[in-house]
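Chemist: Would you mind keeping the following structure in view while I ask a few things?
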Amino acid sequence: MQKRFTTKSLTSIFILIAVATIDTLASVSLTVPAKFYHVDEKKDLILVNQNISDINTNGEGNINEIVLDKKYSFIEPVASLSTNSSYRVKFEEQVYSLYFTQLPVIEIGAKKEIVDSPSIYAGFSMSEQTGVVTESAIDIEIRGAFSQTFPKKSYEIGFLTDTITAEDRDVRLLQMRTDNKWNLQAMYNEPLRIRSKISNELWQNIHQIYYKDKEPEAKNGIDMVYVELFVNEEYKGVYALSERVDRKQLKLKKYSNGIKGELYKGDNWGGAVTFTALPPFDNKNLLWGGFEYKHPEEETDWSKIYAFVDFVKNSPNEEFYRDYQKKFSFNNAVDYFIFLNLSRAADNTGKNIYIAKYKTDEPYYYVPWDLDGVFGTDWQGWDINVTNDILSNGFYDRLMQDRSANGFRVALNRRWAELRATVITEEFIMSKFRRDYDYLLNNNVYERERITWNAFEQNEAQLTYINTWLKNRLEYLDVAFGNVLVSSDVVLSTSTKEADAVFQIYPNPASDYLIVTFDSMPSELIIQDLNGKVVFKSSLVGKTNKIAIHTLRKGLYVATVKSDKNIRTQKLLVQ
């Protein structure tokens, strides 16, 4: 007898089939290799950096558990996984936040407390999405000066063959250079954790080392790559793994038969590093006038850089303007001045800068570092919405007075125009900020930073702030660098007598009045705006004059005092 199915019985069968199908879909379990997962039991945080496309089920079913060091159950099963989301999983009664990331993950294990000095031995492991794992013994210490007061520490690490012989070991990390020394930058004082990396990248877009043809691997700057860091199985957040500024990075000549490179680091705001004073030096000391001695390691000899600072500060104009291009790389001086003011790196006019020399009888040149207080922030990470000033030091104060046909101001004007057509555009620079911001955002890095560092607030409005700041900065510099300020009223004399003339204009910045001292009489004060237009003139009736300037608008000007025999010029900021 043929069995007949009623509508009710058919419905029941379909329900059973559907339930069976759902049960099948809900039973998908993932297993992640040990090299790709990282667990912080204190924060109940799990981070996986296996390629997400290798994990997802491609519609084969819902994921309800993931096998790592233990088998964790998803509180709510998911159809697919993403780097821009977080998931709640549990083991027994303990609930964890599970994340996926594209960033390399570094784990450092140290038996002793990591301190500023001395360095201690530790273990290092870095896993990449590709499956590459780098493991090594290292020594590690906290790096930085003021940044050591921040709760999130930066580190310097050195790779070792082992912790017994402690011999240096060179490794290549993340397509950067091969070396034994590396920095892990905490970026704690950067609101979006992106300014220093982008600034270092932008510097290399602007400038290349002048002897690149002789030393193809030489770089006048450093590369940085984002990573995420665990120390003793505790998640520490996003870091920038970076190269270092040293002899190897710059390919400076080693000490050999009188041929040697030189390298000095701006360590503090001393008079020598800013070219405002010339203190005596002691070759028994590795510090002088704000500089820290770095290379050559075989001897400490401050006499070379002392002679250059003496030349900048004390040489008569005729000698300075005749010889400075022989003593300092001209293109480097121009490019760094542009970069310094483009980024408004107020902490990098002297202290956070290197001065290097490729080899004996070659010119000095600048190398920037610690580019964190830039693009509208200061070294503490606070917004500093200043766009209408020019950063300088004693060296650039003199260079800015060179208006000769082949001099600094003409080269500055020409180079600014070149870069404004290529690298220094609002679109080009902001594309870098948006790229890095989106990368960190889409990998949920900002959420993990908030969990780890309570003071951190990720705010996309910072991108708008940077964009507005940059737009205003470019408009200002287009005026400041877009002309050479050459006029009949502003001409630099190169006579030795001019250098001997007593000359002072103060206060600077000024608001209501100026005190002008000039011992060459009779004389006249002339003030021009950055377009070269004369906006103020006043005769000087004695060697010291008090001049009212309250009618001038706020901004940057060029003040010139001239007599029949002498002319002196300097920048003037009216506030």
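Rule-based calculations on the coordinates, nothing more; no lab input. All values reported here derive from a predicted model rather than from experimental measurement. Methodologically, a virtual Cβ is constructed for each residue, glycine included, from the backbone with ideal geometry; neighbour enumeration extends over all protein chains shown.
Chemist: Just to check I understand the Karplus step: with θ = phi - 60° and J = 6.51 cos²θ - 1.76 cosθ + 1.60, what whole-Hz values come out for region 270-283, glycine and proline as x?
Modeler: x, x, 5, 5, 9, 6, 10, 8, 9, x, x, 10, 9, 5
Chemist: Follow-up question, since we're still on this one. Filter the chain for me: DSSP H helices, axial length by Cα at least 24 angstrom, mean Kyte-Doolittle hydropathy not below -0.5. List them by residue number.
Modeler: What comes out of the filter, once short or polar helices are dropped, is 7-25, 461-480.
Chemist: So what J values fall out for region 511-522 if you push phi through Karplus, 6.51 cos²θ - 1.76 cosθ + 1.60 with θ = phi - 60°, rounded to Hz, Gly and Pro as x?
Modeler: So the J values, rounded to whole Hz, are 9, 9, 8, 10, 9, 10, 10, 7, 9, 10, 10, x.
Chemist: If I take all pairs of Cα atoms in region 196-310, what percentage of them are more than 22 Å from each other?
Modeler: 51 percent
Chemist: On alpha carbon coordinates alone, what is the Rg over Rh value for region 17-100, Rh being the Kirkwood radius?
Modeler: Reported Rg/Rh, Kirkwood definition of Rh: 0.97.
Chemist: Quick one: Karplus J couplings for region 244-249, per residue in order, coefficients 6.51, -1.76, 1.60, θ = phi - 60°, nearest Hz, x for Gly and Pro?
Modeler: 10, 7, 7, 4, 5, 5
Chemist: What is the calculated FRET efficiency for Asn257 to Ser73, with r their C-beta to C-beta distance and R₀ = 45 Å, to the nearest 0.05?
Modeler: Calculated value: 0.05.
Chemist: Could you estimate the translational diffusion coefficient of region 251-422 from the Stokes-Einstein equation, with Rh from the Kirkwood formula over C-alpha pairs, at 37 °C and 0.692 mPa s, in whole µm²/s?
Modeler: Reported coefficient: 194 µm²/s.
Chemist: Considering all alpha-carbon pairs of region 496-574, what whole percent are spaced by more than 21 angstrom?
Modeler: I get 21 percent for the Cα pairs in region 496-574 exceeding 21 Å.
Chemist: So what are region 347-467's ellipsoid semi-axes, whole angstrom, largest first, if each one is the square root of 5 times an eigenvalue of the alpha-carbon gyration tensor?
Modeler: With the √(5λ) rule applied to region 347-467, the semi-axes are 34, 18, 15 Å.
Chemist: By a straight-distance test (C-alpha under 14 Å), which aspartates and glutamates pair with Lys284 as possible cross-link partners, with residues fewer than eight away in the same chain excluded?
Modeler: Partners found: Glu292, Glu297, Glu298, Glu299, Asp301.
Chemist: Taking H as built 1.01 Å from N, whose amide H comes closer than 5 Å to the amide H of Val535, not counting residues under 5 places away?
Modeler: Amide H neighbours of Val535: Ile527, Gln528, Asp529.
Chemist: Would you calculate a helix-derived [θ] at 222 nm for the chain, using -39,500 (n - 2.57) for each DSSP H run of n ≥ 4 and dividing by the full residue count, to the nearest 500?
Modeler: -7500 deg cm²/dmol
Chemist: Using a Cα distance threshold of under 17 Å, what count of lysine pairs results for region 17-100 when pairs must be 8 or more residues apart or interchain?
Modeler: The number of close lysine pairs in region 17-100 is 8.
Chemist: What size of dipole, in debye to the nearest 20, comes out for the chain about its Cα centre when the only charges are +1 on Lys and Arg C-beta atoms and -1 on Asp and Glu C-beta atoms?
Modeler: The calculation lands at about 1320 debye.
Chemist: Shifting gears a bit: Quick one: which residues, 5 or more positions from His295 or on another chain, have an amide H under 5 Å from its amide H? H modelled 1.01 Å from N in the peptide plane, none for Pro or chain starts.
Modeler: Distant-sequence amide H within range of His295: Leu263.
Chemist: Over all directions, average the projected area of the Cα convex hull of the chain and note it in nm².
Modeler: Taking a quarter of the hull surface, the average projection is 37.2 nm².
Chemist: For each pair in Lys253/Lys571; Lys304/Lys571; Lys327/Lys562; Lys214/Lys571; Lys251/Lys327, compute the distance between the two Cα atoms and list the pairs where it is over 27 Å.
Modeler: The answer is Lys253/Lys571; Lys304/Lys571; Lys327/Lys562; Lys214/Lys571.
Chemist: Gain in length, Glu234 to Ser80, computed as 0.36 nm per residue apart minus the alpha-carbon separation, to one decimal in nm?
Modeler: Answer, rounded to one decimal: 52.7 nm.
Chemist: Sorted from largest down, give the three principal axis spans of the alpha carbons of region 77-162, whole angstrom values.
Modeler: 49, 31, 26
Chemist: Another question, if that's okay. Would you work out the relative contact order for the chain, in percent, from Cα pairs under 8 angstrom that are 6 or more residues apart?
Modeler: Across the chain, relative contact order equals 9 percent.
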